[in-house]
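Trainee: Before I ask anything, let me first share the structure, which is written out below as structure tokens.
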Amino acid sequence: MRTIVLASETDFAGWKAAARRLRTAGVEPASVRFVTAGSGQDGLFDVDGAAGATAVDDAFVVPRAFMETAGDLILHRAPDRFDLMYRLLWRLRDEPDLMRVVSDPDVAAAAERVKNVHRAAHKMKAFVRFRETRDADGERWVAWFEPAHRVLEKTAPFFARRFSTMQWSILTPDGTAHWDGDALTFGPPGRQEEAPQEDEVEDFWRTYYASTFNPARLRTRMMQSEMPKRYWKNLPEASLIPGLVASAAARTEIMVSEPSSLPNEKFQRLRPPTVDRTSTDDLVAADPTDLERGLQNCRRCPLWRDATQGVCGQGPREARLMIVGEQPGDHEDLAGQPFVGPAGQVLDVALAQAGIDRSGVYLTNAVKHFKHEPRGKRRLHKTPNAGEVQACRWWLDQERRLVRPRLILALGATAGLAVLGRKPSIMAERGAVIDTPDGARALLTLHPAFVLRMPDLEERRRARMALVEDLRMARTEAGLT
């Protein structure tokens, strides 16, 4: 019996070198076993170190499919994975098309384990939760994660690409990954107590998760399939799941037994007096008060008919940064103030993380009236069309003339249309300062409402981090630092 000692559980290079040498020497699978250094199993038989093995049989070439399968298979936690890999390698000389025989027991076993490795990598991307902390180099984001298989090194480059401007660390029982903004490095296993336990954003996410939970659509088995229980202990929102599941049946009964809703009385209001559109065409506002007064009499497009009021921008007249959203939502329409609803809460958190004081920013929207359609007691948002954006751009131009910001940050495509005069591609153009025809400078980013609408929790978190990243750039470009 030959025993090959590999340097680590994922020492693929060492395994390849030893396996080639063994295969060339004609050592059958039943006569060899692979162990890892420090496992306590070396020394029981003839020990053969993998390091330094260089013999290669030039006449024996393995297909790419095997190398790809073996590269993922070694990440599985099954203790016999090395033996399975060598058994496949041994058979490939006489069965060159073996990897295509999906019904073969060895090939099927390898394919199933590779699928589990891919699933573990996907779950790592979805369920890693970074928490903010600080070290000698400043802000750092740290996450503790326990992957089902050894996928840290396979998956870490994804986080380096996605969060390239952050400094972060991922700690796992198998090893650690660190990104300093330039290079990705790996270290020894970490401990859970080395990671921060909670940060200020998590209360917000728990509130949002509870508010979006629909008891009538609960499918417990499907939920646990997508979010396995093994990951719950590291997910802040998972603490709410048992209570939400327990109350789902009772909440659904109440929903079914309630009579169909009537239109909200707040919609049944007196219409403001109609004025001729030309009454605003000659308006040149001297200050924000003039602008507000003129906006309440605006009839430049039909949206005023179903809105409670026009919502003018707010902020200091000499603000260096102007942030432009799409349109007022339900909360803004009733309050007469921009960004006071759920999207405004997301923006507030992002502004704070980017180091921007909201009181020093001028906040407004591309369209000043809430476009919606009634649905029972609710009013559902509808995206303004190009004609409505163009009609309302007259008001945005007045605000730009009064404030004269150094930089305009457009949140989403509708705001981009109003600021640039064309429909931009947010994902393709975000992160670059754009010169507008009137000499202003603009920057594009995601709308906070887009962040809220992301169905996947991790995708939502990534979108929020992209928003924060763009806000930090806006802070620099506007000279707020």
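Trainee: With all protein chains present, calculate the accessible area of Ser8 using a 1.4 Å probe and round the result to the nearest 10 Å².
Mentor: Ser8 exposes around 50 Å² with every protein chain in place.
Trainee: Hey, can you grab everything whose amide H is under 5 Å from the amide H of Val32? Only 5+ residues off in sequence or another chain; H modelled, so Pro and N-termini drop out.
Mentor: Hits under the 5 Å cutoff: Arg2.
Trainee: Another one. Report the extension gain between Arg134 and Ser225 in nm, rounded to one decimal, defined as 0.36 nm multiplied by the number of residues separating them, less their alpha carbon distance.
Mentor: Gain in length upon complete extension: 29.2 nm.
Trainee: Continuing with this model, one more query. Just to verify a number: what accessible area does His372 come out at with the full protein assembly present, 1.4 Å probe, Å² rounded to tens?
Mentor: His372 has an accessible surface of roughly 20 Å² with all protein chains in place.
Trainee: Then there is this: Could you derive backbone 3J(HN,Hα) for segment 437-453 from the dihedral phi with the Karplus parameters 6.51, -1.76 and 1.60 (θ = phi - 60°), listing whole Hz in sequence and x where the residue is Gly or Pro?
Mentor: x, 8, x, 7, 10, 10, 9, 10, 8, 6, 7, x, 5, 4, 4, 5, 7
Trainee: Please list Trp168, Trp304 in order of solvent-accessible area, largest first, computed with a 1.4 Å probe with all protein chains present.
Mentor: Numbers: Trp168 0, Trp304 20 Å².
In descending accessible area the options line up as Trp304, Trp168.
Trainee: Give me the tail of P(r) for segment 394-448 as a percent: Cα-Cα pairs with distance above 16 Å.
Mentor: On the way: 507 of 1485 pairs.
It works out to 34 percent of all Cα pairs.
Trainee: Let me have the 222 nm mean residue ellipticity of the chain computed from DSSP H runs of 4+ only, each contributing -39500 (n - 2.57), with the sum over all residues rounded to the nearest 500.
Mentor: Details: 17 runs with 192 residues, N = 481.
After summing the helix terms and dividing by the residues of the chain, the value is -12000 deg cm²/dmol.
Trainee: While we're here: Between helix 241-257 and the chain, what is the angle of the helix's C-alpha long axis to the longest principal axis, kept within 0 to 90° and rounded to the nearest 10?
Mentor: 50
Trainee: Next question, about the same structure. Please list 3J(HN,Hα) in residue order for segment 297-306, calculated via the Karplus relation 6.51 cos²θ - 1.76 cosθ + 1.60 where θ = phi - 60°; whole Hz, with x for glycine and proline.
Mentor: These are the phi-based 3J(HN,Hα) values: 9, 6, 10, 6, 8, x, 5, 4, 5, 10 Hz.
Trainee: Match the structure shown to one of the listed values [x] 59, 51, 47; [y] 102, 59, 42; [z] 95, 58, 44 of Cα extents along the principal axes in Å, computed from it, and give that label.
Mentor: [z]
Trainee: Let me ask something additional. Going through segment 188-243, which GluC sites (Glu not before Pro) have at most 13 other Cβ atoms within 10 Å and a DSSP loop state? Could you put the intermediate results ahead of the total?
Mentor: Working: sites: Glu193, Glu194, Glu198, Glu200, Glu202, Glu226, Glu237; in loops: Glu198, Glu200.
Loop-located and lightly packed - Glu198, Glu200.
Trainee: Moving to a separate point now. Short version: ³J(HN,Hα) in whole Hz for each residue of segment 322-331, in order, from phi by Karplus 6.51 cos²θ - 1.76 cosθ + 1.60 (θ = phi - 60°), x for Gly and Pro, what are they?
Mentor: 10, 10, 10, x, 7, 7, x, x, 4, 5
Trainee: Using only Cα atoms, tell me the angle between helix 105-127 and the longest principal axis of the chain; keep it within 0 to 90° and round to the nearest 10.
Mentor: 30
Trainee: Beyond 24 Å between alpha-carbons counts as too far, so tell me which of Lys16/Lys229; Lys16/Lys125; Lys377/Lys423; Lys115/Lys154 fall in that bin. Don't jump to the answer; show the numbers that get you there.
Mentor: Working: Lys16/Lys229 36 Å; Lys16/Lys125 28 Å; Lys377/Lys423 33 Å; Lys115/Lys154 14 Å.
Table pairs above 24 Å Cα-Cα are Lys16/Lys229; Lys16/Lys125; Lys377/Lys423.
Trainee: Follow-up. Kindly list the residues of segment 188-226 that lie in the label zone of His122, defined by a backbone N under 13 Å from the point 7 Å along the Cα-to-C-beta vector.
Mentor: It comes to 225-226, nothing else.
Trainee: With just the Cα atoms of segment 128-194, tell me how far they stretch along each of the three principal axes, in Å, largest first.
Mentor: Extents along the principal axes: 31, 26, 19 Å.
Trainee: Heavy atoms only, probe 1.4 angstrom, no DNA, RNA or ligands counted: give me Lys154, Lys115 ranked by accessible area, highest first. Numbers along the way, then the final one.
Mentor: Details: Lys154 85, Lys115 120 Å².
In descending accessible area the options line up as Lys115, Lys154.
Trainee: Given the whole protein assembly as supplied and a 1.4 Å probe, what does the accessible area of Asp135 come to in Å², nearest 10?
Mentor: 70
Trainee: Here is a follow-up. Could you grab the relative contact order for the chain? Cα pairs under 8 Å, six or more apart, rounded to a whole percent.
Mentor: Working: 736 pairs, mean separation 45.2, N = 481.
Computed over the chain, the figure is 9 percent.
Trainee: Which order do Lys123, Lys382, Lys229 take when ranked by solvent-accessible area (1.4 Å probe, heavy atoms of all protein chains), largest first? Please report the intermediate quantities before stating the final value.
Mentor: Values: Lys123 5, Lys382 85, Lys229 125 Å².
Correct descending sequence by accessible area is Lys229, Lys382, Lys123.
Trainee: Calculate how steeply helix 152-162 sits against the longest principal axis of the alpha-carbon atoms of the chain, using the helix alpha-carbon long axis, and give the answer as 0 to 90 degrees to the nearest 10.
Mentor: 20
Trainee: Around Phe213, which amide H atoms from residues at least 5 apart in sequence, or from another chain, sit under 5 Å from its own amide H, with H modelled in the peptide plane?
Mentor: So Phe213 has HN proximity to no qualifying residue.
Trainee: Convex hull over the alpha-carbon atoms of segment 288-478: what's its volume per residue in Å³?
Mentor: Values: hull volume 21.1 nm³, N = 191.
Convex hull of Cα atoms, per residue: 110 Å³.
Trainee: Within the accessible area of the chain, what % is carbon and sulfur when the probe is 1.4 Å and the other protein chains stay in place?
Mentor: Values: 12080 of 23720 Å².
C and S fraction of accessible area: 51 percent.
The values are calculated or read from the model by the stated rules, or taken from the named source; none is laboratory data. None of the values given here were measured: they were computed from a predicted structure. FYI the Cβ positions are ideal-geometry reconstructions off the backbone, even for glycines, and counts take in every protein chain you see. Quick note on the areas: whole protein, heavy atoms, side chains included, nothing else; ligands and nucleic acids left out. Shrake-Rupley method; radii C 1.70, N 1.55, O 1.52, S 1.80 Å.
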